[in-house]
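Notes for the one structure printed next.
The values are calculated or read from the model by the stated rules, or taken from the named source; none is laboratory data. Not measured: the values here are computed from a predicted model. We place every Cβ from the backbone using ideal geometry, glycine too, and count neighbours over all the protein chains shown.
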Ligand code: AMP
């Protein structure tokens, strides 16, 4: 199964990805994580990327699309399928992804759109903290680490992402509205759009997901296999 996860920053796509991985075993590919890895290297590319990410702007399409293409065409761990989180973020990226997957004869199964209200997003992202070592997610109010700034799971340092400050969050929300929201129509026109509620409780999201994935499976059973 190959899917893309869509939705505003802070809608909960990372948690959604964790649920889907638990249910299906498919890999989670986050372009935000891939770009942060490049930033850590402090290479010329990493420095260029940092300039965009820390302003809350999008990294140029060709840079991100190249990273995704390298990953999906060469990683043997993706045989069962994958979900792309944070990609595509522009219609150009969506078109390039379609072209890339058509060439490989492995088209997308569907796009999963997680809707969330702006005030929920702002509360989530201003309080979000992340372990620098293992990536575990925390929230200052809703899920603080047991010891301040120390990861419960690995003892790593828990910090704020450099783009999780309020002015940058607002910029990311604007960028989303202008560049990323049109992708929802792009997939709706292809009849590949499914939706989950990012404001809902985890148990409700899980139940909804189970029915969506089962619906998709019965669709697949009625279609000839595509790969
Ligand atoms: P995320 O972790 O998905 O919230 O992404 C963090 C930041 O990485 C975004 O605000 C962008 O600056 C950059 N980024 C991630 N994915 C993309 C993409 N598909 N296209 C352009 N920039 C991206």
Among (1) modelled with pLDDT of 95 or more; (2) more than 8 Å from the ligand (Cβ to nearest atom) - the single one residue 78 does not satisfy: (1)
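When residues of the range 57-75 are filtered for being within 15 Å of the ligand (Cβ to nearest atom) and out of contact with any strand residue (DSSP E or B) (no Cβ under 9 Å at 6 or more places or on another chain), how many remain? Spell out how you get there, then give the answer.
Within the range 57-75, the subset within 15 Å of the ligand (Cβ to nearest atom) is 57-72.
Cutting the leftovers down to out of contact with any strand residue (DSSP E or B) (no Cβ under 9 Å at 6 or more places or on another chain) gives us 57-67, 69-70.
Residues meeting the conditions: 13.
Is there a residue in the range 86-99 that is part of a helix (DSSP H, G or I), more than 14 Å from the ligand (Cβ to nearest atom) and free of Cβ contacts under 8 Å to residues at least 12 places away in the same chain? Before you say what the answer is, go through the steps one by one.
Of the range 86-99, the ones part of a helix (DSSP H, G or I) are 91-99.
From what's left, more than 14 Å from the ligand (Cβ to nearest atom): 98-99.
After this cut, where a residue has to be free of Cβ contacts under 8 Å to residues at least 12 places away in the same chain as well, the list is 98-99.
Yes, the range 86-99 has at least one match.
I need a count of the residues in the range 141-152 that are surrounded by fewer than 13 Cβ atoms within 10 Å (Cβ to Cβ) and under 28 Å from residue 87 (Cα atoms).
Applying the first criterion (surrounded by fewer than 13 Cβ atoms within 10 Å (Cβ to Cβ)) to the range 141-152 yields 141-142, 146-148.
Applying the additional criterion that residues be under 28 Å from residue 87 (Cα atoms) yields 142.
Of the residues in that region, 1 qualify.
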message: So for the range 158-172 (the condition being at pLDDT 90 or above, surrounded by 14 or more Cβ atoms within 10 Å (Cβ to Cβ) and more than 16 Å from the ligand (Cβ to nearest atom)), does at least one residue qualify?
response: yes
Residue within the range 129-138 that is surrounded by fewer than 14 Cβ atoms within 10 Å (Cβ to Cβ), in a loop (DSSP other than H, G, I, E, B), more than 19 Å from the chain's Cα centre (by Cα) and modelled with pLDDT of 90 or more present: yes
Near pairs, Cβ below 7 angstrom, 6+ apart or cross-chain, from the range 33-59 (free of Cβ contacts under 8 Å to residues at least 12 places away in the same chain) to any residue that is assigned to a helix (DSSP H, G or I) and within 11 Å of the ligand (Cβ to nearest atom): 46/38; 46/39; 50/39
